[in-house]
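The values are calculated or read from the model by the stated rules, or taken from the named source; none is laboratory data. Predicted model only: the values in this text are computed from it and were never measured. Cβ placement follows ideal geometry from the backbone for every residue including glycine, while neighbour counts extend to all protein chains displayed.
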Amino acid sequence: MDRKTTAEMAMDDVKLIKSVIERTRQDFSKVSVYFMGIGILNLSAWFLEEIAYLVRNLFGYGYPAAHAFWWGGRILLLAGYVILFVLFYKKVKKTGNEICEGMVTIWMLVLIGSMVLGQLYISLIPSGNSDKITTLWLCRELIEVLPVIFALFMTGIFTKRKPITLSAAAYSILYFVLFVSMKEVPYGTWGGAGTLASASSISIQCLMSAGMIALGIYLRGNGRKNPVARDLEVDYGN
């Protein structure tokens, strides 16, 4: 067998380097926990909000604990988003995976930005019970959901995973139908009658809790099933 020339060995090294880079770029299992963390945070905040309604139904609207639980959920979300970003941005930065780094950054801007803009929007809504005020309150959720839908599409494009892109498109259609229909469903009924909430806003909560957990599980499972990702783990012991 003829020995490889220096040029052939150099070409093999270049191919190996390209293969390693491509393997690293396609391994999204490490960032999957980031999305599961987002889902768990939103699920916890949702639970605190339900407790707030329970306290209000049992002891009255003005009971301090009801407001404490509600604000506790909002603070948990904001603080949790910041902590998740700091932890996982440092983690993906070390791996050199620019796609994962971009996803973590985009989702941080979307989640924190939508929360801040949402609270600013609420503070600017005038008080009253007119149809105009009701419409303004209904449009508030658009500030939360539109950036999330955009981020979902970007995640599907970055990862080149068609199921993510198709799921984002399907949810966009579902949300549009629910929003336009203005359908309301009972909400916060623990311990009493509760209130009415738009079905579209409930769908946002489901997306941000169960949907994000499902996204994380999908990326983690997809990374394990990907033979390229498995080879990378064998080669480098990650």
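List of remarks:
- Once the stretch 135-153 is narrowed to residues that are more than 19 Å from ASN42 (Cβ to Cβ) and surrounded by 14 or more Cβ atoms within 10 Å (Cβ to Cβ), the residue that is farthest from the chain's Cα centre (by Cα) is LEU136.
- Selection count where residues are of a type in the set (Val, Ile, Thr) and either at pLDDT below 90 or more than 25 Å from the chain's Cα centre (by Cα) (or both), scope the stretch 181-238: 5
- Only one of the numbered conditions (1) farther than 20 Å from PHE158 by Cβ; (2) out of contact with any helix residue (DSSP H, G or I) (no Cβ under 6 Å at 6 or more places or on another chain); (3) not aliphatic (A, V, I, L, M) is violated by TRP70, and that is (2).
- Residue within the stretch 111-127 that is hydrophobic (A, V, I, L, M, F, W, C), surrounded by 19 or more Cβ atoms within 10 Å (Cβ to Cβ) and within 20 Å of the chain's Cα centre (by Cα) present: yes
- Applying the set (1) buried (at least 17 other Cβ atoms within 10 Å of the Cβ); (2) at pLDDT 90 or above to SER172 leaves exactly one unmet item: (1).
- For the stretch 175-201, a residue qualifies if it is in a helix (DSSP H, G or I) and buried (at least 16 other Cβ atoms within 10 Å of the Cβ), and the qualifying residues are TYR175, LEU178, PHE179, ALA199, SER200, SER201.
- Just one residue in the set LEU138, LEU111 is at pLDDT 90 or above and assigned to a helix (DSSP H, G or I); that residue is LEU111.
- Whichever residue in the stretch 47-69 is of a type in the set (A, V, I, L, M, F, W, C) and buried (at least 18 other Cβ atoms within 10 Å of the Cβ) and, among such residues, is modelled with the highest pLDDT: LEU48
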